[in-house]
1. Using DSSP to define loop residues, name the GluC sites (Glu not before Pro) in the range 1-46 whose beta-carbon has at most 13 other beta-carbon atoms within 10 Å.
2. In a shell of Cβ-Cβ distance under 13 Å around Ile13, excluding Ile13 itself, what net charge do Lys and Arg (+1) and Asp and Glu (-1) give?
3. Write out the trypsin sites (Lys or Arg not before Pro) in the range 3-33 meeting two conditions: DSSP loop, and at most 10 other Cβ atoms within 10 Å of their Cβ.
4. Just to be sure I understand the model, the point goes 7 Å from the Cα along the line to the Cβ. What's the resulting Arg3 to Leu40 distance in nm?
5. Around Ser34, with a cut-off of 14 angstrom between Cβ atoms, what is the net charge of the other residues, counting Lys and Arg +1 and Asp and Glu -1?
Amino acid sequence: MERVTLRIPKQQIEEVEQMVETGEFPNRSEAIRSAVREMLNEQDGEYNGRRRTERSWAKV
């Protein structure tokens, strides 16, 4: 696994921390990995002939 450094707005990190505290994810890294997987799966669907849908994520 490779380490990546990124900047995320404080409010979003607080929301991720809340998800960790409630047990939805074991830690911040896994929550962020899950979000990246979801984004990639969604994008993959667009390239596999599925109808293009509005993304649930935004480029910031």
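1. Answer in residue order: Glu2, Glu24.
2. -1
3. When the trypsin sites (Lys or Arg not before Pro) of the range 3-33 are filtered for loop state and at most 10 Cβ neighbours within 10 Å, Arg3, Arg7 remain.
4. Roughly 2.0 nm, to one decimal.
5. Surrounding charge for Ser34 is -2.
We did not get these values from a lab; they are worked out from the coordinates using the rules stated. Everything numeric in this text was worked out from a predicted model, so none of it was measured. All Cβ positions, glycine included, derive from the backbone under ideal geometry; neighbour counts span all protein chains shown.
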